[in-house]
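Take a look at the structure set out below.
The values are calculated or read from the model by the stated rules, or taken from the named source; none is laboratory data. Note that the structure is predicted; figures quoted are calculated from it, not measured. Cβ placement follows ideal geometry from the backbone for every residue including glycine, while neighbour counts extend to all protein chains displayed.
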Amino acid sequence: MCRIPGSDGTFTIVKGGMGAIIHNLNALALEKGVDFECDSQVLKIEVQNNIASKVILKNGTEYTAKVIVSNADPFTTRDIIGRG
């Protein structure tokens, strides 16, 4: 359920439930060529010119990307940036 902006408290229910949102976002991301790395420990997020540019996992795998998304809380993400 979500509140519709400017609707004086009207709510809407997503067809298929909230899981449908995740399913469809995942399908679209995969269609657009997004790579997901799940259940992996991040050692470091490298920043160049104030932009996150590379993720280094604890197993040594490195990913360079134009966009990096973290599912960690903001404090954990902040602590990982520059760590190494």
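So which residues in the range 10-39 are part of a loop (DSSP other than H, G, I, E, B) and hydrophobic (A, V, I, L, M, F, W, C)?
Ile13, Val14, Val34, Phe36, Cys38
Just one of the numbered conditions (1) modelled with pLDDT under 90; (2) of a type in the set (A, V, I, L, M, F, W, C); (3) surrounded by 11 or more Cβ atoms within 10 Å (Cβ to Cβ) is not true of Ile13; which one?
Every condition holds for Ile13 apart from (3).
How many residues does the range 52-75 hold that are among the β-branched types (Val, Ile, Thr) and either more than 24 Å from Leu25 (Cα to Cα) or in contact with a Phe, Trp or Tyr (Cβ under 8 Å, 6 or more places away or on another chain) (or both)?
Residues meeting the conditions: 3.
Applying the selection to the range 49-72, what residues are modelled with pLDDT of 90 or more and farther than 25 Å from Lys32 by Cα?
Hits for the range 49-72 are Lys58, Asn59, Gly60.
With the requirement that a residue be under 26 Å from Ile22 (Cβ atoms) and either among the hydroxyl-bearing types (Ser, Thr, Tyr) or assigned to a strand (DSSP E or B) (or both), what does the range 41-63 give you?
Val42, Ile45, Ala52, Val55, Leu57, Thr61, Tyr63
The conditions are (1) more than 14 Å from the chain's Cα centre (by Cα); (2) surrounded by 12 or more Cβ atoms within 10 Å (Cβ to Cβ); (3) at pLDDT 90 or above, and Lys32 fails exactly one of them. Which is it?
It is condition (2) that Lys32 fails.
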